[in-house]
Amino acid sequence: MRSRGWFPRIALVLGLIFLYVPIVSMIVFSFNNSRLVTVWDAANSPTLKWYHILVHNGQILSAAWLSIRIALIAATGAVILGTLAGMALARFAAFRGRMLLAGMTTAPIVMPEVITGLSLLLLFVAMEQLIGWPHGVGAVTITLAHITFCMAYVTVVVQSRLTGFDESLEEAAMDLGARPVKVFFRITLPLILPAIASGWLLAFTLSWDDLVITQFVAGPGSSTLPMVIFSKVRFGVTPDINALATIMVLLVATGIAISTVWMRYREKRRERDAQLAAAANL
Amino acid sequence: MSAGAQVNSPQMAATDPDQAYVRIAGVTKKFGDFVAVDNVSLDIRRGEIFCLLGGSGSGKTTLLRMLAGFETPTAGTILIDGADMSTTPPYERPVNMMFQSYALFPHMTVEKNVAFGLEQEGVSSADAKRQVAEILDIVKMTGFGARKPHQLSGGQRQRVALARALVKRPKLLLLDEPLAALDKKLREHTQFELLSIQQRLGVTFIVVTHDQEEAMTLGTRLGVMNQGRIVQVGSPSDIYESPANRFVADFIGSVNMFEGQVHRGGSDGVRIDCAELRGTVHADRTVACAEGATVWTAIRPEKITISRHSPVAGAPAENMVRGTVREIAYMGDMSIYLVQIESGKMVRVTLPNIMRGGERPIAREEGVWLSWHGSSPVVLTE
């Protein structure tokens, strides 16, 4: 793009500084030899010492493993429930309790997390007293809580995709002899799959780094990674946290880079196809 | 042509060609308080192309969707080949539909799209492959099987949609505005191709369209719809030459309409006094209506003769009027003259441009006589 003077450039540079300097400094200090986070030990740096310590820290590793498991299950559960809710809201114009469902599914997005967390805790305690399940708070209640608030985001994503969906595609499939269940799996599901995939990724990310709600519904022995990091930081930041954060940044950046390249490729192919079709039309 | 179509289907000889193949009996569809289809009864014969013609909101699409099974009638029954379809879901009806948007599955290739219907029936993959190749050959799309819909042009997509709807050899094919998305040149070409495919396969077609030209060229019979009701059913020429009422006359083609009073019935037709014409229209067909009743005479623009001099010597006679040419539109094959008659009303006259050359017989602002034959006016009582 053509430059339009000094103002946009300065805005761009300032924006990049604000966004990335904290991350870059964190990455740099993860290779620092010193125990003190803010003092650069020039003699012995860079070093992979903290990465070494990190992979031998059982507490962090088990917390990370728990977080991954919870995020996988919560994202999958949220996608299933959120897709169903999104379909109901997008497809059925008027049914009893539609407003209630719409309000309930999207409430966790606007509700303060503290309130969501507290109300879920109260619910779990009451449920245990009434039906004996779940047994105390722990990984199960964390997963349930994460499904609850992640589902709201999946619902919104899926619903907006279905609103622009050409319903005659489903009618055509039915007209050709496919029963409704088959229509869903052969036609609807493949076409809304991109929305479901991005809903799943969103849910995974939200579950992965949720702290506030998790604090309420977690029990002893079920500390997720954000909880461990947060409690460690309260006793002073150690550089192994920097190393952990650097690994996470690296993973996220790789994922984004791959998806960007793939999207570019698809876009180019689509453009070429459209040109071919237009040429055939002449 | 109809004899040729009958040969294709062996059962044809046994059944009476006039017997209804699709019977719509007293069908009504309400959406809340809105009556979309109002007590429609219609018989459609085997092997014909029946066009439902009407403006938007006339209920034609709702009727089509009830035949496909996407809507359930509020009242009435639909029989297809003698079987009651009232409780049959769309996926069990011997009916296929070609959608206005074509509704091709974007994530499947042309071949997979066309094979989808066969797959639901459990046809073996070798058989399905052969049938798909056959139907793609019929719609002239051989060689495009591996493409995805977004790699096709509009005309090609239309062919694939047709192939997909025809591959199961349905008893009835429903077409929702089949040509609306194509440009004019392609549309004309496709119309004739659709006709030849229909004759080759002998499938009964029901076409919904708002385009009267499309309906006239495609349809063996037309049903004109207005406000949820069937206003008239007949062959294209029936509907054009003998419209049942003012709505049909005005909706199909263009027409000059004059209000008047029945002046004298009799053995040689009726005479109508028209204030707008300052004269009398003589129609040589008799019409059942009372002396003095208000009626409308409709005269098609191509059935009016335009001349500089009075076509009869002496006093002005029946079926003629004086006017001044106000506007001439040159259309190539014909010219449209807008003639203002003495009462101020504009009359539309079309003349074919038979002779090549720039000279027009009549110029703008010239005084002319308009006249027509006694067989031309249609007398409408409603």
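With the gyration tensor restricted to C-alpha atoms of chain A, the semi-axes of the equivalent ellipsoid amount to 40, 32, 17 Å, longest first.
The simple Förster model, with R0 at 25 Å and r as the Cβ-Cβ distance, assigns A:Val261 and B:His107 a FRET efficiency of 0.70.
Result for chain A in a Gaussian network model with C-alpha springs under 10 Å: among A:Asn33, A:Asn242, A:Asn44, the largest mean-square fluctuation is at A:Asn44. Projected label points at B:Thr324 and A:Ser119, each 7 Å from Cα along the beta carbon direction, are separated by 8.0 nanometres. The alpha-carbon atoms of segment A:96-237 define a convex hull whose volume equals 160 cubic angstrom per residue. Among B:Ser153, B:Ser254, B:Ser371, the largest mean-square fluctuation in a Gaussian network model of chain B (Cα springs under 10 Å) belongs to B:Ser153.
Within chain A, the whole DSSP H helices whose Cα atoms reach 30 Å or more along their own axis and whose mean Kyte-Doolittle score is at least 1.0 are A:6-29, A:58-91, A:139-163. A simple spin-label model places the labels of B:Asp268 and B:Ser125 8.0 nm from each other, with each point 7 Å out along Cα-to-Cβ. Annotation: amide H of B:Ile304 within the under-5 Å range of B:Thr350, sequence separation 5 or more or interchain, hydrogens built in the peptide plane. When only Cα pairs below 8 angstrom with a gap of at least 6 residues are kept, chain B shows a relative contact order of 15 percent. Among the DSSP helices (H) of chain B, those spanning at least 24 angstrom by Cα along their long axis with an average Kyte-Doolittle hydropathy of -1.0 or more are B:184-201; this is a geometric and hydropathy rule only. At full extension, B:Glu213 and B:Arg200 could sit 2.4 nm farther apart than now, given 0.36 nm per residue minus the alpha carbon distance. Here the label points at B:Thr87 and B:Asn39, each 7 Å from Cα along the C-beta direction, are separated by 2.7 nm in the simple model. Name the residue, out of B:Ala249, B:Ala126, B:Ala317, whose mean-square fluctuation peaks in a Gaussian network model built on chain B with Cα pairs under 10 Å. For chain B, modelled as a Gaussian network with Cα springs under 10 Å, the answer is B:Ala126.
Placing +1 on the Cβ of every Lys and Arg and -1 on the Cβ of every Asp and Glu, with nothing else charged, gives segment B:254-380 a dipole about its Cα centre of roughly 200 debye. With a Förster radius of 22 Å, plug the Cβ-Cβ distance of A:Thr76 and A:Leu189 into 1/(1 + (r/R0)^6) and report the FRET value to the nearest 0.05. With R0 = 22 Å, the Cβ-Cβ based efficiency is 0.90.
As a calculated quantity, the FRET efficiency between B:Ser307 and A:Ala94 at R0 = 60 Å, using C-beta atoms, amounts to about 0.40.
Size descriptors for chain B, from the alpha-carbon set: Rg then Dmax equal 25.0, 82 Å.
Residues whose amide H falls under 5 Å from that of B:Arg285, counting only those 5 or more places apart or on a different chain, are B:Val270, with hydrogens built in the peptide plane.
With a threshold of 22 Å on the Cα-Cα distance, the over-threshold entries among B:Lys184/B:Lys345; A:Lys182/B:Lys140; B:Lys112/B:Lys140; B:Lys30/B:Lys168 are B:Lys184/B:Lys345; A:Lys182/B:Lys140; B:Lys30/B:Lys168. According to the Cα-based calculation, Rg over Rh for the protein assembly as shown is 1.16, with Rh computed by the Kirkwood formula.
Only the coordinates and a few stated rules stand behind these numbers; no lab work does. Model, not experiment: these values are computed from the prediction. Positions of Cβ are generated from backbone atoms using ideal geometry, with glycine treated the same way; all protein chains shown enter the neighbour counts.
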